[in-house]
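Take a look at the structure below.
Read the figures in this text as sums done on the coordinates, not as results from a lab. None of these values were measured; they are calculated from a predicted model. No Cβ is skipped: glycine too gets one built from the backbone with ideal geometry, and neighbour counts run over all protein chains shown.
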Amino acid sequence: MSDASRLANLLAFIQGQTGATAVEVVDYQSLSGGAIQENKGLDVRLTGGTLPGDHRFVVRSDAAATLSQSLRRWQEYEVLKVAHAAGVQVPTPYWSCRNPQVMGADFYVMQRAAGSANARRLAKADGLTPEQRRSLVFEVGQNLARLHQVPYTADVLPFLAAPDCSPAQQRLDEYRRALDGMPEVYPALELALRVLQDHMPQSRPRVLCHGDFRAGNYMVDHGRLTAILDWEFASWSDPNEDLGWMCARSWRFGHPEREVGGVGDKPDFFAGYQSISGHVVDPVVVAWWELIASVRWAIIAREQAQRHLSGQQPSLELALTGRMLPEIQRDLMMHLRDFVALSGQPPVSLTDRPLTVSNGRQPLADHVDRPHGAELLQVARQTLLDALLPVLPPEQRYNARMAANAMAMACRELESGPSLWGAQQARVQAFCQAHGLAAADLALLVDHIRHGDLVKTSLGPLCTLVDELLELKLALSNPGRTQSA
């Protein structure tokens, strides 16, 4: 179906819903964001009917390939209606359509809110004043509490899975299954799951949760909250899951000192939440959910990469998301230490020596022709940045920078990958020998982590090993995030 046909069908759909005598298009464009779903901005002028006048809509439709946990658009629309009725600051939901003959996929239409959802802009030092930061995260906390006042009942949003065990155990089981389905092994994720399983929090009654409540999924205009977006991961869950996700390090956008999405501080966020909910937030429980948030984000990132690798949705952005796993696991290890410290468990020692990782060029085999692959990638990257990027239209510059990042990553892997992989094996071998394990094998090490014996006896050295392995991987994917950088 052509874009022109989709637009014509969409206008006919809106005309049928409103009874308008005429629909005039003022503007129609793709909106930024929406890595999982597709969003279009539609400005129209309606004549007659139930909604006469000028309107700014967002049309949200299914992408070519979606994540397994994501709701369909008609389901997300129903969640949005419930949140709207509960007094949560959300765009007004107008109509939903499940007929693929209209636009080729499920979609719904909602009001377009004012402002921006650009989390990096909010997190920047000059993005908001200190008072705006305090006020905004307080307001965000209040809206989350309003959402959590919707309790689970079987007749509300029946397509959401009914509770059958504690939300914490359900998430652990879900992420264990996802991890078991991956061809790679991830010691940091295994370690986190083991610690999380051993320190399960007491469950609270299930309520309606957003599931992706973070900076980047709410709109802000002049420092004020205007809309909470992206409800595709909604579920009946423990309210602390949303609190922990909001405060996870992965969503601080370069400002880890501001624990609430890189925007503000936990005391203001929790105060706003408590002013509506009347529930005193337990920081230890939130820390548990922050840790499991890092596990979840790592699994989502791997699934995003698989969308690209499978050929379902070829995308440089999705491919690069998969290469974020070392960075995500670095955040995970920081959360693990925070949780252990808050929960009063024995301290987990930090790496007692800085890990030195060489980012310089490593000689390749003599028989490789010059310029070798890494050199070709480097010159292509510089050409892209220096000659092409300045003349590209603004909407293509982000893609160009992603391409440059991917090329730099490939250069580092070609140059330093073999030596770093050898260093990884040496670290694993030394650890296994020191702890009496029969073979220096990463998969064997993961089995010991799963069974809990190493976690109980050697948590500190195990954390140090995982840190070292992540440092080695970060040297390839994002050397700016290594401890030694």
* To do: Arrange Ile292, Ile300 by Cβ neighbour counts within 10 Å, fewest through most, would you?
  => Ile300, Ile292
* Structure fact -> The rounded separation in angstrom of the Cα centers of region 292-343 and region 189-231 is 15 Å
* Just one of [x] 26.1; [y] 23.6; [z] 24.6 is Kirkwood radius over Cα pairs in Å calculated from these coordinates, so which is it? -> [z]
* Let me have the relative contact order for region 119-338, percent, based on Cα pairs under 8 Å that are six or more residues apart. => 26 percent
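Hey, what number do you get for the chain at 222 nm if only DSSP H runs of n ≥ 4 count, each worth -39500 (n - 2.57), divided across all residues, to the nearest 500? Present the calculation step by step, with values, prior to reporting the outcome.
On the way: 17 runs with 241 residues, N = 485.
Helix-only estimate at 222 nm: -16000 deg cm²/dmol.
Per 0.36 nm of contour for each residue apart, how much would the distance between Thr50 and Trp421 grow if the chain were fully extended, relative to their Cα-Cα spacing?
On the way: separation 371, 0.36 × 371 = 133.56 nm, distance 6.48 nm.
The Thr50-Trp421 span can extend by a further 127.1 nm.
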* **the chain: relative contact order in percent, alpha carbon pairs under 8 Å with at least 6 residues between** => 13 percent
* Structure fact -> Between Arg481 and Cys165, the FRET efficiency computed from the C-beta separation at R0 = 41 Å comes out, to the nearest 0.05, as 0.70
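For a quick protection proxy, order the peptides 114-123, 247-256, 448-457 by their average other-Cβ count within 10 Å, most packed first. Display every interim value, and only then the final one.
Details: 114-123: 17.7, 247-256: 19.3, 448-457: 15.9.
Ranking, from highest mean packing down: 247-256, 114-123, 448-457.
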* To do: Take the eigenvalues of the Cα gyration tensor for region 3-111, scale each by 5, and report the square roots as semi-axes in whole Å, largest first.
  => 22, 17, 13
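What's the extension gain from Gln17 to Asp173 if we count 0.36 nm per residue and subtract their Cα-Cα distance?
Details: separation 156, 0.36 × 156 = 56.16 nm, distance 4.31 nm.
The span from Gln17 to Asp173 would gain 51.9 nm if fully extended.
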